[in-house]
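The values are calculated or read from the model by the stated rules, or taken from the named source; none is laboratory data. This is a predicted model, so every value here is computed, not measured. Every residue, glycine among them, receives a Cβ derived from its backbone with ideal geometry; neighbour counts consider all protein chains shown. Only protein heavy atoms, including side chains, enter the accessible area calculation; ligands, DNA and RNA are left aside. Shrake-Rupley method; radii C 1.70, N 1.55, O 1.52, S 1.80 Å.
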Amino acid sequence: MFKGFYTAAAGMLSQQRQTDLLTNNIANANTPGFKADQGTLKAFPDMLLQRMESEDLPTDRNISVQNKKDIGTINTGVYMQETVPNFTQGDLQQTSQSTDIALMEQNMPTKEGGLFFVVQSPDNTPQYTRNSNFTLDQEGFLTTSTRAYVLSTNNQPIQLKSENFTVDSQGNVTENNQQIAQIDIAYASDLQTIKKAGNGLYETLNNQPLPSAQNNPGISYQLNQGFVERSNVDATQSMTDLLTAYRAFEANQKIMQAYDRSMDKAANEIGRVR
């Protein structure tokens, strides 16, 4: 009797997680560089139901044997197997701010690869971002909105005197007609090895640094000063998927309510001792 109860409960949990994922995507639809999360729902393995019964053999000794008869399979519900970011390129939006530097991918060695800005975390763990809404801190260092330093190809923070600087398409930073640094761009050959670290930052699964995309003949990109990369969230599709997840949650909820009424009747009416 409880098999359907557990199946409906599993469906409610998976749709609740799908709702949380989609809500977070919609909330970050206007966050520069945000990459939408995608959830994968998977069914639990099917179970084979069998009926056990004893059968008497036609002998003088009254021997009985146990037989198994297949009834069929039963599904035990679904679960959210994993959530992975969608790293497709977002549209560019002009801001005319010199500290906004959007990264546009062009040619990549493989379809599974991607490019990132390299930033320095407070604990010196290698981290990466696509949120190019940079700013200058009080000491003139180019930082992210979370105050992580944007690193150069020399693996050093980039310090400037003012916002009157220029960045060319390859990341060369020039101020007062002097080249200050070159913004480093990291290359991930397999985006499945990248995980979100919060606040628009990413880390590798093994915490090992990614190689630089500089001097790699198979990689080409363009940095655009005065632009930011918009979120790649499709707000319209996300709202549609959110309504679908809510209706699926509601349907499983009604099934559980029906089971609850049946169990209440069994406990309080059928099983009552008179």
Discussion item. Could you compute the net charge surrounding F134? Neighbours are other residues with a C-beta less than 13 Å from the C-beta of F134; K and R count +1, D and E count -1.
Written reply: -2
Practice prompt. Round to a whole angstrom and tell me the spacing of the C-alpha centers of segment 226-253 and segment 171-186.
Written response: 39
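If I compute solvent accessible area with a 1.4 Å probe over the protein chains, what percent of it on segment 8-107 is carbon and sulfur?
C and S fraction of accessible area: 46 percent.
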Discussion item. I'd like the Karplus ³J(HN,Hα) series for segment 105-122: coefficients 6.51, -1.76, 1.60, θ = phi - 60°, whole numbers in Hz, and an x wherever there's a Gly or Pro.
Written reply: 6, 10, 10, 10, x, 9, 6, 7, x, x, 10, 8, 6, 9, 10, 10, 7, x
Practice prompt. Pull out a ≥ b ≥ c, the square roots of the eigenvalues of the alpha-carbon gyration tensor of the chain, then state rounded if a/c is under 1.5, prolate if not and a/b is larger than b/c, and oblate in the remaining case.
Written response: prolate
Discussion item. Full-extension gain between N67 and M104, please, as 0.36 nm times their residue separation minus the C-alpha to C-alpha distance.
Written reply: 6.6 nm
Item to complete: Could you tell me the accessible area of D137 in Å² (1.4 Å probe, neighbours in place), rounded to the nearest ten?
Response: 40
Fill in: From phi via Karplus (6.51, -1.76, 1.60), per-residue ³J(HN,Hα) for segment 126-132 in Hz, x at Gly/Pro
x, 9, 9, 8, 10, 7, 9
Worksheet item: Probe 1.4 Å, all protein chains in place: accessible area of T73 in Å², nearest 10?
Response: 100
Practice prompt. Evaluate E = 1/(1 + (r/R0)^6) for L41 and T193, where r is the Cβ-Cβ distance and R0 equals 25 Å; express this FRET efficiency to the nearest 0.05.
Written response: 0.65
Worksheet item: In bins 10 Å wide, starting from 0, what share of all Cα pairs of segment 115-195 does each bin hold, as a percent?
Response: 18, 53, 24, 5, 0
Worksheet entry | By accessible area with a 1.4 Å probe, ligands and nucleic acids excluded, highest first: order of E203, E229 | E203, E229
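To one decimal place, what orientation-averaged projected area in nm² is obtained for the convex hull of the Cα set of segment 1-49?
For segment 1-49, the mean projected area of the Cα convex hull comes to 4.0 nm².
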Worksheet item: What percent does the relative contact order of the chain come to when contacts are Cα pairs within less than 8 Å and at least six residues apart?
Response: 27
Discussion item. List the lysines whose Cα sits under 25 Å from the Cα of K254, skipping any in the same chain fewer than 8 residues away.
Written reply: K3, K42, K265
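Could you compute the FRET efficiency for K254 and Q214, with r as their C-beta to C-beta distance and R0 at 41 Å, rounded to 0.05? Walk me through the intermediate numbers first.
Details: r = 58 Å, r/R0 = 1.41.
It comes to 0.10.
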